[in-house]
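The values are calculated or read from the model by the stated rules, or taken from the named source; none is laboratory data. Predicted, not measured: the structure shown is a model, and the values here were computed from it. As a convention, Cβ positions derive from the backbone with ideal geometry for all residues, glycine included, and neighbour counts pool all protein chains shown. Surface areas here come from the heavy atoms of the whole protein model, side chains and all, with no ligands, DNA or RNA. Shrake-Rupley method; radii C 1.70, N 1.55, O 1.52, S 1.80 Å.
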Amino acid sequence: MTATVRAPAQSTGQVPGPVRATLLVVEGLWTWYRRHWRSTLVSSVLQPLLYLVAMGVGLGTFVDAGGRGARTVPELAGASYLQYIAPALLVAAALQNAAGEATYPVLSGFKWQKNYWAVTATPITPHQLAHGSLLWIAIRVAVSGAAYLLVAALLGAVAGPGALLALPVAVLTAMAFAAPLAAFAATTRSGGEGFNVIIRFVVLPMTLFAGTFFPVEQLPALVRPLAWVTPLWHGTELARGLSLTGVPPLAALGHVGYLVVWLAVGVVVTRWRFRVRLTT
Amino acid sequence: MTQDLLTRPAGEPAPPARTGLLLRVLPPGLYAGRARMLVERSLLVNRRMWLVVFTGFFEPLFFLLALGQGLGALVGGVTGPGGESLTYAEFVAPGLLAASAMNGAVYDATFNIFFKLRYAKLYDAVLATPLGPMDVAIGEVTWALLRGGLYSAGFLAIMLGMGLVGSAWALLALPAALLVAFAFAAVGMAATTWLRSWQDFEYVQLVLLPMFLFSTTFYPLSVYPGPLRVAVEAFPLYHAIELMRGLTTGAVHWGVLGHAAYFVVLAVLGVAVAARRLGRLLLR
Amino acid sequence: MIEDTALVRARGLVKRFGDFEAVRGIDVEVRRGEAFGFLGPNGAGKSSTMRMIACVSPRSAGELRVLGEDPDRHGPRIRARLGVVPQQDNLDNELTVRQNLHVYGRYFGLPRARVRAKAEELLEFAQLTDRADDEVEPLSGGMKRRLTIARSLVNDPELLLLDEPTTGLDPQARHLLWDRLFRLKQSGVTLLVTTHYMDEAEQLCDRLVVMDGGRVVAEGSPAELIRSHATREVLELRFAPGGQDAAVPLARELADRVEVLPDRLLLYTGDGEAALAAVQRRGVQPVATLVRRSTLEDVFLHLTGRSLVD
């Protein structure tokens, strides 16, 4: 076994273009996923489905009984409670999963595993690494969301073809929240204790109060604006509207615009934080 | 819907041998009667992590406010264990009390102990002192319990303030919550000794989440068709919720003692298995 | 793109972090095919220099050309032709050994088939073929290090940067690693190594610079450095506690130069045995004596007044 590695006068390495470089980062993450996807199934697909069954089917029997829900919530006049929460849980689960992927795994790339430094020692730039990491989260969320929608349709939770449009809305909402979070993770130097606080005091309350299980009109007038500023509320309104009753174009434009601003700011800051941390 | 992520951490001369009741059934050398050392250590570590500890209290509170108040308007009244009509908040609050006792105890016992076991190698250092695996098991479970007890007491106080407590029996809900937490922590700790990697925590989720959602936390057993009812009645959390709901609504009968006995058995089994497994893992 | 014979050329290279100047204007030239070393204690500025050459840390002042190009403007193009072995392994612990090589090769824009073939060659080279399908996490330190080196070769780099390649490894693992690096050098790869071990520098480097406090304090081949900054031989004297001070005047009389260390005296002289005989003739009684050849450690001690490794 006398292996030697011959060094040619010219290295075989090339500089991939910006798009290809981004896709190569995605490919690297895909290699991880191919090996470990089973361990992500519960939180990405099963969790929202279990909530859908428990709340939509189980608790839904009380909401739908005698048209109780329909007296307070207009959308429930033409749909079951199961169909009411199905698109909202799609968006909420997408956002939660994206938030999870944008925090600890990103911090690990910088702090524990440090493999981000390995990547940027190659022709891949920090910006391309940031793009690829975010794109990967979006792809993951889209695939989980599609799997969820499929099972939800089998359970009769999907009211009509409009629900297909809820999927891109879910991905947009998830990334609108995850991109700024990735920027925060890229800035974090500590062990990530701040992530717990964000998950407990932002993500969880957002899921519970910003329209997933009941309309924000049920909240005291004073706290309603808190729900309105969350990306989740905009995504939920849009996804639910598209799935059940349709959304007025101007309102749809407003929701999408708001989410795009969050996403754009998040991407710009993430790029910046990646570059600063990886090239000092 | 969130995971309680880990709180990350970092002796005295040998005590005289003691032989308590529980100890006679355990091999000698496993217990030095110094479990409180582990509790003191957890207190020290968590004094710096107060934010994480403090925030854990809010999770059930958020659920209570959202479901009890917000969703309650859509749900209306629910029939309680004694056949009386309850508001949805009155119904769901004891369910959340039991569920948070379970979640808090299990996550504390699994995430933290796994981290200390596999990464921080804390127990290797502890076992180099006169302390034995039994001290570790009881000490860590007690810590999980103290934390769970604080949360439960706070949650009960809020229930009282919101007028969701219908009986003086509710005073017993606190010790009941501690018992439930102890049992779940012990079982969780025993289970942790079999986990190999962080990815295996998905299995913990796989057990806890359906239990949280389907053990009559959010709606009564009557929703389920016959065979499913039997399955739900087999969930440990179902017994915890029955216990709590009986106490806070005042529908107390002899069956409540049965539910309590269930958790005493679970706790004893959990601690015994955890100590034996830790001994096997650490003292080889 | 004009390529001169120097793969790295630095003039007045400076790196500042806020007020702190880690590299204070160094001149370095690395030629194709040689093994070049940066020798110095921790904090000498070696790693900062390496990171600038690796095009992941912009220079604060001065000139730098790597493979004939400016790192600030053509970072990706230069990095495509470099191999980098960082001080701390940054492998993907949750992938297998082979997957680490595959994924990394792809970052260099290599076609899949080429990466697959190259990975097998590198597994063999790093003696990791048996562990190819295991995850990285449970591997030993030496194996991880070899994998990191194998990974850095996936693009057939013209210049390989190794930052403290053997720090923290046991002696056996170090020798295996040196053997692999020696083979690379034989096959024509230009090596750039930082180290604070003088044996490593002597083993691997054709030429080196000694760095201290962000500056280059000497430059040359190991033999040249020893010749110009130390005598041929060294006599080491150890005394019973309290006995050393009294012997210092005599030592100064007998040797070209004397270094007083906390636990021993070093007498630099052309003939160690003769000096030892003289010491004994004068009735001085050390508890232990050693005559040895001068090393880079002595060069460093002479240049900076301090030891390389504390």
I need the calculated FRET efficiency for the pair residue A:30 and residue C:224, taking r as the beta carbon distance and R₀ as 30 Å, to the nearest 0.05. 0.05
Partner chain Cβ atoms within 10 Å, averaged over the residues of C:47-57 - can you pull that number for me? 2
If R0 is 22 Å, what FRET efficiency do you get for residue A:153 and residue A:245 from their C-beta distance, rounded to 0.05? 0.75
Quick one: accessible area per residue over segment A:85-278, 1.4 Å probe, rounded to a whole number of Å²? 35 Å²
To the nearest whole number, what is the average tally of beta carbon atoms from other chains within 10 Å of the beta carbons of peptide C:88-94? 6
Pairs C:144/C:185; C:46/C:118; C:15/C:144; B:116/C:118; A:111/C:46; C:118/C:144: which exceed 28 Å Cα-Cα? C:46/C:118; C:15/C:144; B:116/C:118
For chain C, what does -39500 (n - 2.57) per DSSP helix run (n ≥ 4), summed and divided by total residues, give at 222 nm, in deg cm²/dmol to the nearest 500? -11000 deg cm²/dmol
Connecting C-alpha atoms closer than 10 Å in a GNM of chain C, tell me which of C:88, C:172, C:244 has the biggest fluctuation. C:172
For peptide B:65-72, the mean count of other chain Cβ atoms within 10 Å per residue Cβ is 6
Return the distance in nm (one decimal) between the two label points of a simple spin-label model at residue C:63 and residue A:39, each offset 7 Å from Cα along Cα→Cβ. 5.2 nm
Treating only the Cβ atoms of Lys and Arg (+1) and Asp and Glu (-1) as charged, compute the dipole magnitude of the protein assembly as shown about its Cα centre; round to the nearest 20 debye. 340 debye
Simple SL model, points at 7 angstrom along Cα→Cβ for residue A:19 and residue A:272; separation in nm is 2.8 nm
Hey, in the GNM for chain A with a 10 angstrom Cα cutoff, which one of A:239, A:183, A:118 fluctuates hardest? A:118
Between residue A:190 and residue C:215, what FRET efficiency follows from the Cβ-Cβ distance if R0 is 35 Å, with the result rounded to 0.05? 0.50
Please give the helix A:18-36 orientation as an angle from the longest Cα principal axis of chain A, in degrees from 0 to 90, rounded to the nearest 10. 70 degrees
If you count, for each residue, the other Cβ atoms within 10 Å and average over each peptide, how do B:164-173, B:100-109 line up from highest to lowest? B:100-109, B:164-173
Counting only residues 5 or more apart in sequence or on a different chain, those whose built amide H sits under 5 Å from that of residue C:7 are C:30, C:31, C:32
Given a 1.4 Å probe and the protein chains all in place, what does the accessible area of residue C:60 round to, in Å² to the nearest 10? 50 Å²
Counting only protein chains, not ligands or nucleic acids, how are C:273, C:200 ordered by accessible area (probe 1.4 Å), most first? C:273, C:200
Count charges around residue C:207 for me, please; just the other residues with Cβ under 10 Å from its Cβ, Lys/Arg as +1, Asp/Glu as -1. -4
Sort C:210-216, B:237-243, C:14-20 for me by packing, meaning the mean count of neighbouring Cβ atoms within 10 Å per residue, highest on top. B:237-243, C:210-216, C:14-20
Under 13 Å from a point placed 7 Å out from the Cα of residue C:290 along the Cα-to-Cβ direction: which residues of segment C:228-246 have their backbone N that close? C:234-239
Fraction of accessible area attributable to carbon and sulfur, segment C:6-220 (%, probe 1.4 Å): 45 percent
Rounded to the nearest 10 Å², what accessible area does residue B:195 have for a 1.4 Å probe in the complete protein model? 20 Å²
From the phi angles alone, apply the Karplus equation (6.51, -1.76, 1.60; θ = phi - 60°) to segment C:254-264 and give each ³J(HN,Hα) in whole Hz, x where the residue is Gly or Pro. 8, 10, 5, 8, 10, 10, 9, 9, x, 10, 6
Total charge dipole magnitude, segment C:231-293, about the Cα centre, Cβ charges on Lys, Arg, Asp, Glu only, Debye to nearest 20: 80 debye
I'd like the interface area for chains B and A: accessible area of each alone minus the complex, both sides summed, 1.4 Å probe, protein heavy atoms only. What is it in Å² to the nearest 100? 3900 Å²
Could you work out the relative contact order of segment B:49-282? I mean the mean sequence separation of Cα pairs under 8 Å and 6+ apart, divided by the number of residues, in percent. 30 percent
Counting only residues 5 or more apart in sequence or on a different chain, those whose built amide H sits under 5 Å from that of residue C:159 are C:83
Using only Cα atoms and rounding to the nearest 10 degrees, what angle (0 to 90) does helix C:112-125 make with the longest principal axis of chain C? 30 degrees
Chain A: longest segment with zero exposed trypsin sites (Lys or Arg not before Pro), where exposed means DSSP loop plus at most 11 other C-beta atoms within 10 Å, is residues A:7-188
